[in-house]
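Inspection log for the structure reproduced underneath, given as structure tokens.
The values are calculated or read from the model by the stated rules, or taken from the named source; none is laboratory data. Note that the coordinates shown come from a computational prediction; the quantities given were computed from them, not determined experimentally. So basically every Cβ, Gly included, is an ideal-geometry build from the backbone, and we count neighbours across all protein chains shown.
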Ligand code: NAD
């Protein structure tokens, strides 16, 4: 039975209840985490508040950066252990889990360097006045993250908040809290003062709702579904608290007839199969110019049919889905597409010796998908790729922008002018040109437009999101 971190105490839930931790690879429970309560959230928020006037609040920016660098080193020293924990908890292949832990360390390295580099300003004003703009932490920041990349997500959301000197409370997803718990132990060993980081595990509707509605927080960062994002934003509004929302996506890969096909194909397959499609930035729509549609989708089909899903130890292209509900959801999209008569272009395979009790789904490539089908517009969050033909540049842009989402996009063409025009016209927080990068890239500001959310994480912009300014006006005569 794991414990959660409140201040400097490792504790169970205040009412002693717990939740099973289930392995997606075989559906078996193998550990337990505390099922935190509103009372636990209250104590965590208080501990974070207290840290702001305690040892944590008294550190200068350079000292905060040094501690964060030591945390990054601890993570790297424990890379294999953390990767094993992450792989068991999520079912993802070992290679992917190891990469996720490297990215977690990278977040702490990057923002360790950023801790003392976001400066204030002086502002010319009336004669006899001196105006300075101070950069300050927001106070207590709340962080609610999903299950798809637990270690990366905690790095992405916590590292900038700690770099700016906030006291933080993290609520990991109920399915995947183990890497966060081990990470917190390592962070304390690295010298992070008590209360700077608090972790409350448990259910979304209990811990998540209590945290996002808590009057003692100053900011919320939420990554997850649109439905819950709306609830979090409503809670933030009631307390007049700022929130950053990182929600879903239906990101297009736009392939023109002059694209470098051999470069594009493996990237496109990886962008949907990575993490079994459970990536908010998955390239789930393949938009191909009509003149090369048949030839191109056949090349993608060849690659796609080589994709194999298995357990972490098998270390194949992807693992199972996260839980039974996710499996049901993805299967329902596949069944609906089949019932609508949408053609299957290719299937990936589930490894023969993968446990039957695991939450595996066979990767599938559909096309041509009608533009009004659910598969063309809704986020499936599974290894399901939807191909659609387009006529020309303007049709490609209209199709790319034809969903409620706007997270990522990729444009594939050897025509430099078209590359720029389309990249500028597509509504998305990041556009990749002749390449694609779902996840990673801690230096690159990231976030949504439209229903994919608002606010920015990653890069230096994240430091601005988790800090505020104070304008000092001094009359000196
Ligand atoms: P989810 O919204 O169900 O859960 C996300 C987190 O919110 C979890 O920690 C959960 O416990 C918590 N939560 C649930 N109910 C809550 C409530 N009432 N109040 C407060 N918190 C609550 O999402 P999920 O199923 O875990 O993740 C899948 C979704 O996340 C997908 O839609 C995906 O696109 C999105 N996602 C987005 C990004 C991004 O960066 N844009 C990254 C990863 C996942």
Task: Selected residue [farther than 19 Å from residue 380 by Cβ and buried (at least 17 other Cβ atoms within 10 Å of the Cβ)] from 403, 413 - done: 413
- [ ] List the number of the failed condition for residue 428; all other conditions in (1) within 22 Å of residue 150 (Cα to Cα); (2) within 18 Å of the chain's Cα centre (by Cα); (3) modelled with pLDDT of 95 or more; (4) surrounded by 22 or more Cβ atoms within 10 Å (Cβ to Cβ) hold.
- [x] (1)
Open item on the list: Looking at (1) within 16 Å of the ligand (Cβ to nearest atom); (2) over 18 Å from residue 93 (Cα atoms); (3) surrounded by 23 or more Cβ atoms within 10 Å (Cβ to Cβ), which one does residue 287 not meet, given that it meets all the others?
Closed with: (1)
Task: Hits in region 335-375 (condition: under 25 Å from the mean Cα position of the chain (by Cα) and either surrounded by fewer than 21 Cβ atoms within 10 Å (Cβ to Cβ) or modelled with pLDDT under 95 (or both)) - done: 362, 374
Open item on the list: Suppose the filter is more than 14 Å from the ligand (Cβ to nearest atom) and either closer than 30 Å to residue 132 by Cβ or part of a loop (DSSP other than H, G, I, E, B) (or both); does residue 441 pass it?
Closed with: no
Task: Filter pass, residue 273 being in contact with a helix residue (DSSP H, G or I) (Cβ under 7 Å, 6 or more places away or on another chain) and under 30 Å from residue 29 (Cα atoms) - done: no
Task: Among (1) farther than 16 Å from residue 145 by Cβ; (2) surrounded by 21 or more Cβ atoms within 10 Å (Cβ to Cβ); (3) within 11 Å of the ligand (Cβ to nearest atom), the one test that residue 229 misses - done: (1)
Task: Boolean, residue 247 is within 8 Å of the ligand (Cβ to nearest atom), touching a residue at least 12 places away in the same chain (Cβ under 8 Å) and under 15 Å from the mean Cα position of the chain (by Cα) - done: yes
- [ ] Determine which member of the set 448, 440, 459 is more than 18 Å from residue 163 (Cα to Cα), under 15 Å from the mean Cα position of the chain (by Cα) and at pLDDT 95 or above.
- [x] 448
TODO: Answer with yes or no whether residue 279 is part of a loop (DSSP other than H, G, I, E, B), under 23 Å from residue 324 (Cβ atoms), in contact with a strand residue (DSSP E or B) (Cβ under 9 Å, 6 or more places away or on another chain) and within 10 Å of the ligand (Cβ to nearest atom).
DONE: no
- [ ] Considering each residue of region 311-325, count those that are under 13 Å from residue 382 (Cα atoms) and over 20 Å from the mean Cα position of the chain (by Cα), and give that number.
- [x] 1
- [ ] Go through region 346-424 and tell me which strands (runs of 3 or more DSSP E), entirely inside it, have 1 or more residues that are without any contact (Cβ under 8 Å) to a residue 60 or more places away in the chain and touching a strand residue (DSSP E or B) at 6+ places or on another chain (Cβ under 6 Å).
- [x] 364-366
TODO: Report, by residue number, each residue of region 447-472 that is touching a residue at least 60 places away in the same chain (Cβ under 8 Å) and within 13 Å of the ligand (Cβ to nearest atom).
DONE: 447, 448, 451, 452, 453, 454, 455, 456, 457, 458, 462
- [ ] Return the total of residues in region 265-276 being more than 16 Å from the ligand (Cβ to nearest atom) and surrounded by fewer than 24 Cβ atoms within 10 Å (Cβ to Cβ).
- [x] 4
